[in-house]
Ligand SMILES: [Zn+2]
Ligand SMILES: [Zn+2]
Ligand SMILES: [Zn+2]
């Protein structure tokens, strides 16, 4: 790993497809990763297809199809330009409530606290 690079994001073996979460109806299809089709974590936004992808999903995807270390949009966008979530997007992501999947914990966690809960 190069210096200053973000640590890979890990959900510690949590199965994302099994996560139960509450999000505002109007945002529900915007917060789904275009690769794993689950709630997006550590999102990057492709400005060509206007979709979110988990950074990890993109890294895995790009590794398979790779050219150097560039990230590639799975929708084959000609211009792949990824940006971080904007302040507004972070706002609505942070409104998501996720139910802790670890039985018997019944905590409902904020999106931004979710990862820390498993450390
Ligand atoms: Zn994903
Ligand atoms: Zn794209
Ligand atoms: Zn818990």
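Please treat every number below as a calculation from the coordinates, not as lab data. Since the model is a prediction, treat every value here as computed from it, not as a measurement. We place every Cβ from the backbone using ideal geometry, glycine too, and count neighbours over all the protein chains shown.
Key figures
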item	result
Cβ-based exposure ranking for 25, 107, in which fewest neighbours within 10 Å come first	25, 107
Residues of segment 10-25 with amide N under 16 Å of the 7 Å Cα→Cβ point at residue 118	10-22
Full-extension gain in nm, residue 95 to residue 77, via 0.36 nm per residue minus C-alpha separation	3.5 nm
GNM result for the chain, Cα springs below 10 Å: residue of 84, 24, 106 fluctuating most strongly	106
Helical contribution to [θ] at 222 nm, DSSP H n ≥ 4, -39,500 (n - 2.57), averaged over the chain, rounded to 500	-5000 deg cm²/dmol
Value of relative contact order over the chain, rounded to a whole percent, pairs C-alpha under 8 Å and six or more apart	24
Ascending count of other beta-carbon atoms within 10 Å, so fewest first, for 83, 55	83, 55
Three principal axis lengths of segment 19-118 [C-alpha, angstrom, descending]	44, 26, 19
Residue order, fewest to most surrounding Cβ atoms within 10 angstrom, among 112, 54	112, 54
